[in-house]
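Below is one structure, written out as structure tokens; comments come after it.
The values are calculated or read from the model by the stated rules, or taken from the named source; none is laboratory data. Please read these numbers as outputs of a predicted model, since none were measured by experiment. Heads up, the Cβs are rebuilt from the backbone with ideal geometry, glycines too, and the neighbour counts pull from every protein chain shown. Calculation scope for accessible area: heavy atoms of the full protein, side chains included, ligands and nucleic acids excluded. Shrake-Rupley method; radii C 1.70, N 1.55, O 1.52, S 1.80 Å.
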Amino acid sequence: MMPKLLLQAAAAVADRRWYGSGGRRGYLPLRHPPHVAPGRFTACLLAVAAVTTTFALALTLHRPDLSSAAAYAASPRGGGGAGYAVVINTWKRYDLLRRSVAHYSGCGGVDAVHVVWSEPEEPTEELRGSVLNCSDGGGAGVRFVINAEDSLNNRFRPIQGLTTDAIFSVDDDLIVPCSTLRFAFAVWQSAPSAMVGFVPRMHWLADPGSNAKEYRYGSWWSVWWTGTYSMVLSKASFFHRQYLDLYTNRMLPSIRDYVNENRNCEDIAMSFLVANVTGSPPIWVQGRIFEIGSSGISSLKGHDLQRSKCLNTFSAMYGHMPLVATRVKAVDSRTSWFW
């Protein structure tokens, strides 16, 4: 009861703070909300560890009114629908795809599994059959989402027939245990406007003492060392389905063009979008995830340099840096000795 009351109080504080400037909510705020001391929380569902955490959560739990841009459908309970949809992005790794579909279709709470297909040729009947059969035995239904062109932006295209507000976006080579996924979904339900995920990253000023706002990409090691992050990557994260429409139909087309030309950074683009809409940081869920593949864009030489270029290009396109840094993280105390 206490965590629930604290979360409600935090959300109320956030609403008052947002309405405190002219009585209006902006769809694309040009300034961050006032700086709030970072905090930390942990719970079986979601517990607030300290007063500083409560105020940090006030930003995360803010539910902006996006009706002027797209009908934001988050319900007062923190997200409509009885469960969530799993959206798997795949590319020519059929064994990994079958393993992923078999796993996620069997997790409780999964309403459906959607496989985003962007290869030049449509999946063969043999592959379709082998993938669809992975969900036999009462698991969630599986369907292919076929795209006409090869683009990393396809993973964020609106999907017809979604019946849940919550989407879990995941790469075909990542397995998140069902119990961990269930906990992360509970966190998302408490903050449905936020991105909630397992892979945190950070943006840093290249030269904090300089007037030039040049940024560099901070990989996992910088997050581990400082405890600070400003993004959770879409390779394993929850977000509201309305962000699919915002990304595809409302976001600057030049950003999608940049992703197509460079074949990188669609996840950073989504992080920018959500931060720009909410003015708030994402939520990192600390939990074990398993990589079952060994190849991908992130394994290529010069990856971090390319990501730094994306940060600077996107911030220039937005006219400011929307990402918000935080040290808040969600920890399931049932499975962790150290919070």
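Some notes on this structure:
- Within region 162-178, being assigned to a loop (DSSP other than H, G, I, E, B) and open to solvent by 30 Å² or more (accessible area, probe 1.4 Å) holds for 163, 177.
- Selection status of residue 181, surrounded by fewer than 20 Cβ atoms within 10 Å (Cβ to Cβ) and in contact with a strand residue (DSSP E or B) (Cβ under 8 Å, 6 or more places away or on another chain): no
- Per the listing 115, 176, the residue uniquely at pLDDT 95 or above and out of contact with any Gly (no Cβ under 8 Å at 6 or more places or on another chain) is 115.
- Answer from 37, 73, 56, 69 - the residue that is touching a helix residue (DSSP H, G or I) at 6+ places or on another chain (Cβ under 9 Å), buried (at least 21 other Cβ atoms within 10 Å of the Cβ) and at pLDDT below 90: 56
- Cβ separations smaller than 9 Å between residues 6+ apart or across chains give the following pairs from region 310-339 residues that are over 14 Å from residue 276 (Cα atoms) to residues that are of a type in the set (Asp, Glu) and open to solvent by 30 Å² or more (accessible area, probe 1.4 Å): 312/214.
- Residues in region 117-139 that are closer than 12 Å to residue 105 by Cβ and open to solvent by less than 10 Å² (accessible area, probe 1.4 Å): 131 alone.
- Qualifying residues in region 184-203 (those that are under 23 Å from residue 256 (Cα atoms) and under 12 Å from the mean Cα position of the chain (by Cα)) - the one most open to solvent (accessible area, probe 1.4 Å): 201
- Scope region 123-161; condition assigned to a loop (DSSP other than H, G, I, E, B), within 16 Å of residue 89 (Cα to Cα) and touching a residue at least 24 places away in the same chain (Cβ under 8 Å); matching residues: 147, 149, 150, 151, 157, 158, 159
- Of the residues examined, residue 133 is not one that is modelled with pLDDT of 95 or more and over 23 Å from residue 187 (Cα atoms).
- Only a single criterion out of (1) at pLDDT below 95; (2) in contact with a Pro (Cβ under 7 Å, 6 or more places away or on another chain) is not satisfied by residue 296, namely (2).
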